[in-house]
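Colleague: Below you'll find the structure I mean.
The values are calculated or read from the model by the stated rules, or taken from the named source; none is laboratory data. Quick caveat: nothing in here was measured; it's all calculated off a predicted structure. Counting neighbours? That spans all protein chains shown, and the Cβs are built from the backbone with ideal geometry, glycine included. Areas reflect the complete protein model, heavy atoms only, side chains present, ligands, DNA and RNA absent. Shrake-Rupley method; radii C 1.70, N 1.55, O 1.52, S 1.80 Å.
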Amino acid sequence: MNLTAHAACDVLVIGAGLAGIRAALTAAAEGRTVILASSANIFSGSSFFPGTWGFGLIGPENQADEADLAATIERIGCDMADPKLVQTFVSGIQPAIAEIKAQGIHLHRAANANEREFIPCFDHKHRDWNRIEAENARTVFAQRIAELGIETRPFCELLEIVVQDGLVRGAVVHEDGQIRLIACGALVLASGGFGGLFKHRLTSDDVSGSVQSIALRSGAELVNLEFMQIMPGYLSPIYKIVFNEKTFRFAQLMDSFDLPLLLGMDQGQDLLDERAGYGPFTSRLKSRLVDLALFKAQQADPSGVTVTYTQDMIEHPPELIRTYFEWMAKAKHLSMSEPAKIGLFAHAANGGIRIDTTAATRVPGLFACGEATGGMHGADRIGGLSTANGLVFGGIAGRSAAQFAAENPVQQGLGCTFEATASTDLADMLTELRELMYRAALVIRTKKGLEQALAQIDQITGRLQATVPSTSLTEKPADAKSLAASCRLKDQLMTARAILTAATLRCESRGSHFRGDHPEQDPAQSSPIVVSLQGGSIQVRFHPLAGT
Ligand SMILES: Cc1cc2nc3c(=O)[nH]c(=O)nc-3n(C[C@H](O)[C@H](O)[C@H](O)COP(=O)(O)OP(=O)(O)OC[C@H]3O[C@@H](n4cnc5c(N)ncnc54)[C@H](O)[C@@H]3O)c2cc1C
């Protein structure tokens, strides 16, 4: 299909969560024309996920705390974070917080900030703790977007990046039942993580994981894909709400036979006490036994594990737990006295598109930021640093893209060809993909399970390519919609393949990556894994950080 540019701008931002909004506002403030596009609404993605009571945002307490925070990110990240990115990240947090406050964002502070619950996940000390509220952020950012004249395009999904003469020139999108080309001087990918590849996911469905593959196909690299956060969440009475891990130390967990989940384990209460210190699963700590037991129980009985609380917690909850249950009562009509069933869910990605300290990928004109990227976190991530990541690198990406676009103006009259095929039975294939990722790549990974999953991906990809004839696109919206859905699934399969391939190469357990057949960390594998695409095939390699 031949396309000519339907719209043009200096900077095109894909994704309208925190990172994309920051990038768009920053590029527009630099005087560039900006289009902010999202496959869902503006203010979407994990940043505006309704199943939580607010987003923690942490930073160094002061300048003197920066070195400790950087060192802790690297230590918690098990040497998988890039020190240069970490440095840029940490030094950018307080300026970014100051900037959004000046724009009118109200950050909640803790009244009892010294309570242990306010130590961020995995951290060893208190930091500058803040909570962003989605509603307030939406109001303030919407006003800024209007003031700066940013053009917003909701329900406009990226399908392909157009690279010509070695430079990014635009993007093919699906919008209003049409396949369209948007020309730009620079492109920012702020499309979030890849929770959408998993059966149980504590993310919104627009966090599909397709853009990691689109970036790969345009020549960018991915890094640290095998590291992602896996979180306990509610299976019932309401599905898909974040479980507050701080409550673990007051919890009684019972399996489907009504037996204590940790029955027969030494020091079960100590394990729960340690587990209350962090939300996402890690293989690093002894309390990994809690998650492994939880996941096995969930696999044996998909309805999950029953959680109830001690009377002491119900009567005297610490502040962070009280706030959580006040929100639960108001938003979900649930109280802490009601038993709930919990299980493990895919949550936020720690890895993604590889960028440098200017948020540039290795494709000229292509920038990326937020959860779509990797390298500033490692194998585990300190809580509250994903929102910080979106703010800091969103700002950097916006500035870098604005500068690039000023030097490489948008090409007038841009055209391109776009080849794709439309398929049927996509919903079944997506369900199959999510099932296999849940089974083989959520908590317990093994060589055999990963290889079986890769073989199943080959099989689904074959069906996707073979079953249905390529459509000669008409102007009918249904054609464009099914073409876009086919493209999305093809890219989701490619991202899943990249994750599984990286997880297969990493024959050890490190942070959030747990290999049942290699349960310990191996010092010989202390380098990040970089993924690229060569001749259409996924290539993975260990990439020593000294060489970055
Ligand atoms: C329930 C929950 C609680 C969390 N709590 C915390 C917390 O307390 N502290 C913390 O630091 N982090 C937390 N996180 C993680 C954090 O919220 C996210 O990592 C962060 O908000 C991601 O922001 P982002 O802008 O990079 O991506 P997102 O907010 O996910 O936005 C992605 C955007 O990209 C769009 N998009 C995707 N694909 C395409 C495409 N092909 N074309 C066009 N647009 C596309 C989406 O529609 C969306 O607009 C939490 C996440 C969840 C889900």
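Colleague: Summing Lys, Arg as +1 and Asp, Glu as -1, what charge do residues with Cβ under 14 Å from the Cβ of Ile353 carry, Ile353 excluded?
Modeller: The answer is -2.
Colleague: Taking the solvent-accessible surface of protein heavy atoms with a 1.4 Å probe, what is the per residue accessible area of the chain in Å²?
Modeller: Dividing the accessible area of the chain by its residue count gives 37 Å².
Colleague: While we're on this one: Quick one: order Lys490, Lys332 from most to least accessible surface, probe 1.4 Å.
Modeller: Lys490, Lys332
Colleague: Take the stretch 89-208, compute every pairwise Cα distance, and split them into 5 Å bins from 0; I just need the percent in each bin.
Modeller: 2, 8, 11, 13, 17, 18, 14, 9, 5, 3, 1, 0
Colleague: Right, next: Given a cut-off of under 8 Å on Cα pairs at least six residues apart, what relative contact order in percent is computed for the stretch 230-346?
Modeller: In percent, rounded to a whole number, it is 38.
Colleague: Let me ask you something else. Counting alpha carbon pairs within less than 8 Å and at least 6 residues apart, what relative contact order, in whole percent, applies to the stretch 421-542?
Modeller: It rounds to 30 percent for the stretch 421-542.
Colleague: Counting Lys and Arg as +1 and Asp and Glu as -1, what is the net charge of the other residues whose Cβ lies under 15 Å from the Cβ of Arg541?
Modeller: Combined, the nearby Lys, Arg, Asp and Glu give +1.
Colleague: How far apart, in nm, are two points set 7 Å out from the Cα along the Cα-to-Cβ line at Phe155 and at Asp301?
Modeller: Placing both labels 7 Å beyond Cα along the Cβ direction yields 4.3 nm.
Colleague: Okay, moving on. State the Cα centre-to-centre distance between the stretch 316-347 and the stretch 207-280 in whole Å.
Modeller: About 15 Å separates the Cα centre of the stretch 316-347 from the one of the stretch 207-280.
Colleague: Turning to a different aspect of this structure: So what's the back-of-envelope 222 nm ellipticity for the chain, counting only DSSP H runs of four-plus at -39500 (n - 2.57) apiece and dividing by all residues, rounded to 500?
Modeller: -11000 deg cm²/dmol
Colleague: Accessible surface of Glu74 in the full protein assembly, 1.4 angstrom probe, to the nearest 10 Å²?
Modeller: Probe radius 1.4 Å; accessible area of Glu74 about 50 Å².
Colleague: Give a residue-ordered list of calculated ³J(HN,Hα) values for the stretch 309-324 (Karplus: 6.51 cos²θ - 1.76 cosθ + 1.60, θ = phi - 60°; whole Hz; x for Gly, Pro).
Modeller: 10, 5, 4, 4, 5, 4, 7, 10, x, x, 3, 5, 6, 4, 4, 4
Colleague: Only Lys, Arg, Asp and Glu count, each charged at its Cβ (+1, +1, -1, -1), so figure out the dipole size of the chain about its Cα centre, rounded to 20 debye.
Modeller: Computed charge dipole of the chain: roughly 460 debye.
Colleague: Sticking with this structure for a sec: Among the listed pairs Lys199/Lys448; Lys286/Lys332; Lys246/Lys296; Lys296/Lys330, give every one whose C-alpha distance is greater than 25 Å.
Modeller: Beyond 25 Å between Cα atoms: Lys286/Lys332; Lys296/Lys330.
Colleague: Give the residue from Leu225, Ala215, Cys121 lying farthest towards the positive end of the charge dipole for the stretch 116-258; charges sit on Cβ (+1 for Lys and Arg, -1 for Asp and Glu) and the dipole is referred to the Cα centre.
Modeller: In the stretch 116-258, that residue is Cys121.
Colleague: Which whole-angstrom value gives the distance between the alpha carbon centres of the stretch 419-462 and the stretch 1-72?
Modeller: 30
Colleague: What residue among Gly195, Phe89, Val540 has its Cα farthest toward the positive end of the dipole of the chain, where the charges are +1 on Lys, Arg and -1 on Asp, Glu, each on the Cβ?
Modeller: Positive-most Cα among the choices belongs to Val540.
Colleague: Something else: Determine one quarter of the surface area of the Cα convex hull of the chain, which equals its mean projected area, and express it in nm² to one decimal.
Modeller: 23.9
Colleague: Determine the share of the chain's accessible area contributed by carbon and sulfur atoms, expressed in whole percent, with a 1.4 angstrom probe.
Modeller: Carbon plus sulfur share of accessible area: 52 percent.
Colleague: At a probe radius of 1.4 Å, what is the per-residue accessible area of Glu435, in Å² to the nearest 10?
Modeller: 70
Colleague: With +1 on each Lys and Arg Cβ and -1 on each Asp and Glu Cβ, how big is the dipole of the stretch 230-346 about its Cα centre, in debye rounded to the nearest 20?
Modeller: 420
Colleague: What figure, in Å² to the nearest 10, do you get for the accessible area of Tyr239 with a 1.4 Å probe and non-protein molecules left out?
Modeller: Spelled out: Tyr239, probe radius 1.4 Å, area about 100 Å².
Colleague: Only Cα pairs under 8 Å and at least 6 apart count here; give the relative contact order of the chain as a rounded whole percent.
Modeller: Rounded, it is 24 percent for the chain.
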